[in-house]
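Every number in this text was worked out from the coordinates using simple rules, so none of it is lab data. Everything numeric here is computed off the predicted structure, so don't read it as measured data. Note: ideal-geometry Cβ built from the backbone for every residue, glycine included; neighbour counts use all protein chains shown.
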Amino acid sequence: MAFKHVSLGRGKANIIHPLLNDTPVSNNSSLSPMVVSKKPIDLYNNIQISKILVHPIKSCRGISLQSCRYSPEGLEHDRRFCIIEAGSHQVITAREVSKMVMIIPRIKTDERSPHGGVLLISFPEDSGCESFSVPLYPVEEQWERLSDIALWRHEVDGFVCENQSSTGRSPSTILSEYFGRPVHLTVKGNKPRPCDPTVSFPNLKATALYQDGYPLLVLSEESIDVLHEEIRSRVGTQGIADEWSSQEFVIERFRPNIVLRGAGPFAEDNFEEINIGSDDDTEMIGEEQPGILLVSKCVRCLLPNVCPETGVRDKAVPYKVLMKFRIGLDHRNKMKPCVGCNGVPLGNGMIKVGDTVNVRRIIAA
């Protein structure tokens, strides 16, 4: 068994990736009406990337990066690993085990290593669990392959991770102690895991790793600013504690990948395709980076109620607040709130904090 390194070079602009659609989305009459522009839409001309977040292990602590490569399956290293029940092979998330957010993964790359580097995993000091590391891209033939990992309605593949060192306890043993029941750490194999079609993209043929549904999540800072105001205005009602009068609501609770600044509150709801990189970059290299399709709104559960620093679940914030003003946005889940948009890259590229974000397609009113 071998894990292939995915090529993440630059791609041509406006190319529809074969895993997405056989034809450009603007020519598909079954899609939502949209405005298409080869140049940035002037209404949104001051947008930048303010934060890049990668979550190497699903539902565990995220990592803030200054730059990151991406492929059609998402940001490099994002959700390539997950933790599963040892018996049923069901993926475990912080929805059920909130202290997962206290597990801290760190990526240490090494181009000289056949594994591309290691993933370092550490735990809270009071957990009694020791740190360990596993190869980023393992090549050992003896790793056990699982083909029936249960993630929502899909069966996905993965390999049970072994320790980078030949000594010490196995990752499964250490994590099982932390969870209080038998679990495994797995890394995604090479079998494609399809994404579900959406209302706007009924012919979607994208693939993802261990993400809930789609390769990327895009969210704007201003959306969280509005949510923060809504929370403070409701302190003392709906079970919202007094501490929210001064406590900051951090965007990391929503576990986005690409955070925007300058778009305006919930402006991402209107975007159909964005392109990252300035006109100066395009002139210098003679090509644009591939676009990112925003294929659907992100329907929210109770996971953002979990504080990423403490693992404590709030009884009301933000879910009860979101139910007051963010429902009815998803055709299939009208009574569930939505925050952020699910994205699918159209090719390979590189993003960095401070990059210009150009809006190429918007949904017509």
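In a shell of Cβ-Cβ distance under 14 Å around residue 172, excluding residue 172 itself, what net charge do Lys and Arg (+1) and Asp and Glu (-1) give?
Spelling it out: positives minus negatives among the neighbours equals -3.
Apply the Karplus parameterisation 6.51 cos²θ - 1.76 cosθ + 1.60, with θ equal to phi minus 60°, to every residue of region 97-109 and state each ³J(HN,Hα) to the nearest whole Hz, in sequence, with x for glycine and proline.
Using θ = phi - 60°, the values come out as 10, 5, 6, 4, 5, 8, 7, 10, x, 9, 9, 10, 7 Hz.
Hey, can you grab everything whose amide H is under 5 Å from the amide H of residue 193? Only 5+ residues off in sequence or another chain; H modelled, so Pro and N-termini drop out.
Here the answer is 208, since their amide H atoms fall under 5 Å of that of residue 193.
Put a dot 7 Å past each Cα toward the Cβ at residue 173 and residue 313; how far apart are the dots in nm?
Once both label points are built, they end up 3.1 nm from each other.
Please compute the modelled spin-label separation between residue 111 and residue 332, points set 7 Å along Cα→Cβ, answer in nm with one decimal.
Roughly 4.2 nm, to one decimal.
With labels modelled as points extended 7 Å from the Cα through the Cβ direction, what inter-label distance (nm, one decimal) is found for residue 245 paired with residue 152?
4.1
Which of the three applies to region 25-363, rounded, prolate or oblate, going by the alpha-carbon gyration tensor with a ≥ b ≥ c and a/c under 1.5 meaning rounded?
In terms of gyration-tensor shape, oblate.
Whose amide H sits under 5 Å from the amide H of residue 143, counting only residues 5 or more places off or on another chain, with H placed in the peptide plane?
Residues meeting the criterion, in which the H sits 1.01 Å from N, do not exist here.
Amide H of residue 296 versus every other amide H placed in the peptide plane: which residues, excluding those fewer than 5 positions away on the same chain, fall under 5 Å?
Under 5 Å from the amide H of residue 296: 342.
Each residue of region 326-332 in order: what ³J(HN,Hα) in whole Hz does its phi give by Karplus 6.51 cos²θ - 1.76 cosθ + 1.60, θ = phi - 60°, with x for Gly and Pro?
Each residue of region 326-332 in turn: 10, 9, x, 9, 10, 4, 8 Hz.
Return a whole-number percent for the relative contact order of region 25-363, with Cα pairs under 8 Å and 6 or more residues apart as the contact set.
Value for region 25-363: 24 percent.
Taking the Cβ-Cβ separation of residue 350 and residue 226 as r and a Förster radius of 35 Å, what is the calculated FRET efficiency to the nearest 0.05?
0.70
In whole Hz and in residue order, list the ³J(HN,Hα) couplings for region 84-92 that follow from phi through the Karplus curve 6.51 cos²θ - 1.76 cosθ + 1.60, θ = phi - 60°; x for Gly and Pro.
Along region 84-92, the couplings run 10, 5, 5, x, 8, 6, 6, 5, 9 Hz.
Note the full-extension length gain between residue 69 and residue 363 as 0.36 nm times their separation in residues minus their Cα-Cα distance, in nm to one decimal.
So the chain would gain 103.1 nm between residue 69 and residue 363.
Which net charge results when you count Lys and Arg as +1 and Asp and Glu as -1 among the other residues whose beta-carbon is under 11 Å from that of residue 65?
Surrounding charge for residue 65 is +1.
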